[in-house]
Amino acid sequence: TFRLPESYSSTARIKIEPDTTSDISNIGGQMSTSSPYDAYFIQTEFEIMQSQIVLGKVIQALNLNVEWGKKYFHGETLKTEETVRLLKQRMDLQPERNTKLIDITVYAEDKNDAAALANAIANAYKGYRLDLHKQQTQGGIDVLESEYADEEQKIRSVQTNVDNLRKELAISDTDPNS
């Protein structure tokens, strides 16, 4: 009989939601919290989880190029693309039906490796989403700061004009702040 080596799986469960809330209120002054249903959101996020952007962070965090090179390729350091391919073969992503939960299951010969990989993928994806949110927020802040600087410049220009008119027309203002 032929016996396969032992294999373990570990699953990390995460909740994902689209970025639907806006920091800007609508005309009525209420914050917008609803968005249309996106049938492709889950599949898009699956592709992101399996991308080099996310898995590259996992590979770097766990030093998988070196570790898997020692373990499977006679000590040769793997290229990141090769390690990504191997990692994708070991992982399975499944949505939990009628929820926003995703199961990240990873298979390995060692139960601790499986757990470490599943958790590292979940953490790398979380980091990716946080970085994306920070970039979007910073972009909005930069635009607001630019608009603020423009308005401040306009106010200084108008104030200078008013001061010049006051001098030219010899207007005495006993309380200029009122």
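A few notes on this one:
- In region 53-173, the ratio of gyration radius to Kirkwood radius, Rg to Rh, stands at 1.48 when only Cα atoms are counted.
- Binned Cα-Cα distance frequencies in region 56-113 - 5 Å width, integer %: 4, 16, 23, 25, 13, 8, 5, 3, 1, 0
- Pairs over the 30 Å Cα-Cα cut-off, from the set Lys15/Lys71; Lys15/Lys134; Lys71/Lys126: Lys15/Lys71.
- Gaussian network model of the chain, springs between alpha carbon atoms under 10 Å - residue of Arg90, Arg129, Arg166 with greatest fluctuation: Arg166
- Projected label points at Thr80 and Gln94, each 7 Å from Cα along the beta carbon direction, are separated by 3.1 nanometres.
- Share antiparallel - DSSP beta bridges, the chain, percent rounded to 5: 100
- In the chain, helices alone account for a calculated mean residue ellipticity at 222 nm of -19000 deg cm²/dmol, with every DSSP H run of four or more residues adding -39,500 (n - 2.57).
- Relative contact order (percent, whole number), the chain, Cα cutoff 8 Å, 6+ residue spacing: 28
- Hull-based mean projected area of region 113-162, where the convex hull spans the alpha carbons, in square nanometres: 3.4
Coordinate-derived values only; no laboratory data. Computed from a prediction, not measured in an experiment: that's the story for all the values here. Note that each Cβ is placed from the backbone with ideal geometry, even for glycine, and that neighbours are counted across all protein chains shown.
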